[in-house]
Amino acid sequence: MISVLRPGRVCLSVLALAISTHGAPRQASAHPGRSGVVTAGKPTLPVAPTAPGALQTANVNTTQNPSAQNETWIALDPANPRNLVGGTNDYRFGDAQAGVARSFDGGATWTSTTLDALDTTLGKYDAQGDPAVAALRGGVFYYAFIDFNRGDDQNRLAVARSNDGGLTWPQLGVILDHSGPGPHDFEDKELIAVDDTGGAFDGNVYVAWTRYPTADLERVMISRSTNGGAAFSAPAQISDSTGGYQGTAPAVDRNGKLYVAWYHSSTVEIDASTNGGLAFGIDRTVAPIADISNPIPGAFFRVFSFPAIAVDRSGGPFDGNVYVVWADEVGTGAGPDVLLSRSTDGGLSWSLPIRVSDDVNGSYQFFPAIAVTPDGTILVSFFDQRLTPGTTRYDVFFARSTNGGLSFDRNRRVSDVTSDSLLDGFGGGFIGDYAGIAAAKAFGFPYWTDTRPSNANAEGYTRRLPLLDRR
């Protein structure tokens with residue numbers, strides 16, 4: 001059973017928090033061993049053979065496994081955008097593990113497995129989850145995840161490294177490990193960013209997360225690696241206070257400046273470091289939030305107003321702009337919406353939020369993800385109920401801005417079949433807590449939890465979206 005927690009209201013034990021985040025699926029399969037690799041990648045809809053680099057726009061099931069996959073994240077190699085790596089909560093062996101899918105042909109075909117199946121040292125405790133993937137270049141990817149026990153509060157926070165585009169993960173950097181008799185703090189909802197700018201902090205790996213102390217209030221933490229993820233610095237608190245924190249999101253600009261955004265007591269806040277994560281400034285408010293209903297009317301899965309962040313690194317007219325998106329119950333007065341605020345002065349001040357979603361029936365949008373292409377185009381994907389309001393069903397849409405976040409093109413549907421969350425493997429109660437998107441110059445790759453009836457379970461899906469059409 002999955003308990004529902006509102007962010008910032010820690011009223012359960014650390015163990016209950018872990019269970020609420022990654023509860024076992026209602027019908028978990030027996031563990032058949034940890035050495036096999038599941039091959040996946042046939043598109044859900046047939047795609048005619050195409051020349052390398054040609055458009056491939058069908059929805060693609062990246063995981064293709066009869067057990068549940070949810071809470072998706074994705075990254076691509078900036079030096080080779082045909083190489084993508086996705087992460088999921090993966091239940092193919094019974095309990096949650098760190099699922100990994102990889103593609104070397106621009107998202108047309110994928111193979112998938114779990115980190116623990118590739119190397120049992122990557123999974124020390126009962127379960128793994130909260131996937132977060134970031135790329136350096138040349139096939140180097142980093143995968144951050146939490147690793148925890150069900151029966152006690154032992155847990156650790158770790159980062160695996162791949163040097164071959166996601167095929168193998170021979171290195172594990174442990175940020176911290178709460179082992180042995182407790183009680184222990186719980187480290188939750190980490191996301192990762194890598195400095196690939198070629199500047200002074202090139203190669204730095206940053207992980208930001210929420211700490212739930214055993215005898216205090218939650219706070220935002222950060223750790224960094226300066227040696228390729230082999231070792232990490234002692235965790236440091238970067239939030240100016242404690243209590244009401246969750247949903248951290250880091251990003252790096254073209255000059256190596258590190259931003260971290262988060263949810264704090266019905267506001268979006270942000271802080272920044274200009275010296276490679278050694279020190280941070282004061283927390284600044286991006287915008288107040290009207291927390292999205294949890295669960296949304298007609299459905300049972302939990303949903304939060306966690307922010308997502310991206311920075312323009314194009315060198316163009318909007319270079320340095322910082323963008324933050326979130327789901328908001330009130331929106332701009334048109335009902336629940338995905339909103340965006342931007343900063344043009346390095347995070348010191350923020351615009352009034354604008355509406356990203358453009359539905360006309362007051363339906364719910366949630367789990368926004370954002371990326372900026374190398375030419376400065378903003379891409380935002382999100383789950384959307386405009387076609388099926390007030391039900392357990394949802395689709396995925398995306399919006400695009402080519403003017404620095406001043407306005408967005410009309411929304412377009414990404415999913416080609418409507419999902420039904422009742423098929424999530426948890427009785428409709430858990431489709432993850434976030435989703436991801438990656439961007440190349442000519443393509444976007446939303447990555448989402450898909451529960452279409454033909455699969456009868458949750459899978460990780462993506463779609464290669466051509467961006468050359470500027471309508």
Pair list, Cβ under 7 Å, 6 or more apart: segment 416-444 residue closer than 22 Å to VAL85 by Cα, other residue modelled with pLDDT of 95 or more and surrounded by fewer than 19 Cβ atoms within 10 Å (Cβ to Cβ): LYS441/PRO374; LYS441/ASP375
Residue list for segment 418-467, filter: of a type in the set (Ser, Thr, Tyr) and either part of a helix (DSSP H, G or I) or within 30 Å of GLY376 (Cβ to Cβ) (or both): SER421, TYR434, TYR447, THR449, TYR461, THR462
Hey, ARG410 in a strand (DSSP E or B), of a type in the set (D, E, K, R) and modelled with pLDDT of 95 or more or not: no
PHE367 being under 30 Å from GLY429 (Cβ atoms), part of a loop (DSSP other than H, G, I, E, B), at pLDDT 95 or above and aromatic (Phe, Trp, Tyr): no
Unique residue being out of contact with any Phe, Trp or Tyr (no Cβ under 9 Å at 6 or more places or on another chain) and under 21 Å from THR332 (Cα atoms) when the list is VAL360, VAL380, VAL356, VAL417: VAL360
Residue that is nearest to ARG464 (Cα to Cα), among those in segment 57-77 that are touching a Pro at 6+ places or on another chain (Cβ under 9 Å), assigned to a loop (DSSP other than H, G, I, E, B) and of a type in the set (S, T, N, Q): THR57
ASP164 being within 24 Å of ALA440 (Cα to Cα), part of a loop (DSSP other than H, G, I, E, B) and touching a residue at least 12 places away in the same chain (Cβ under 8 Å): yes
Contacts under 9 angstrom Cβ, first residue in segment 325-351 being aromatic (Phe, Trp, Tyr), partner part of a loop (DSSP other than H, G, I, E, B) and buried (at least 19 other Cβ atoms within 10 Å of the Cβ), 6 or more apart: TRP326/ILE289; TRP326/ILE292; TRP326/SER305; TRP326/PHE306; TRP326/PRO307; TRP326/PRO353
Yes/no for THR88 being more than 22 Å from ALA249 (Cα to Cα) and hydroxyl-bearing (Ser, Thr, Tyr): no
Scope segment 374-399; condition crowded, with 22+ Cβ neighbours inside 10 Å, of a type in the set (Ser, Thr, Tyr) and touching a Gly at 6+ places or on another chain (Cβ under 9 Å); matching residues: THR377, SER381
Test: ASP152 is at positive phi and acidic (Asp, Glu): no
Cβ-Cβ under 6 Å pairs, at least 6 apart or on other chains, segment 133-150 side modelled with pLDDT under 95, far side of a type in the set (Gly, Ala, Ser) and surrounded by fewer than 24 Cβ atoms within 10 Å (Cβ to Cβ): none
Pick from segment 130-161, criterion of a type in the set (D, E, K, R) and part of a strand (DSSP E or B), ranking: nearest to ASN204 (Cα to Cα): ARG161
Residues of segment 145-200 that turn out to be within 30 Å of GLY107 (Cβ to Cβ) and not hydrophobic (A, V, I, L, M, F, W, C), as a count: 19
Members of segment 253-294 found to be of a type in the set (Val, Ile, Thr) and either crowded, with 18+ Cβ neighbours inside 10 Å or assigned to a loop (DSSP other than H, G, I, E, B) (or both), listed by number: VAL260, VAL268, ILE270, THR274, ILE282, VAL286, ILE289, ILE292
Only listed residue being of a type in the set (Gly, Ala, Ser), crowded, with 24+ Cβ neighbours inside 10 Å and over 18 Å from ASN59 (Cβ atoms), chosen from GLY428, GLY432, GLY405: GLY405
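The values are calculated or read from the model by the stated rules, or taken from the named source; none is laboratory data. Note that the coordinates shown come from a computational prediction; the quantities given were computed from them, not determined experimentally. So basically every Cβ, Gly included, is an ideal-geometry build from the backbone, and we count neighbours across all protein chains shown.
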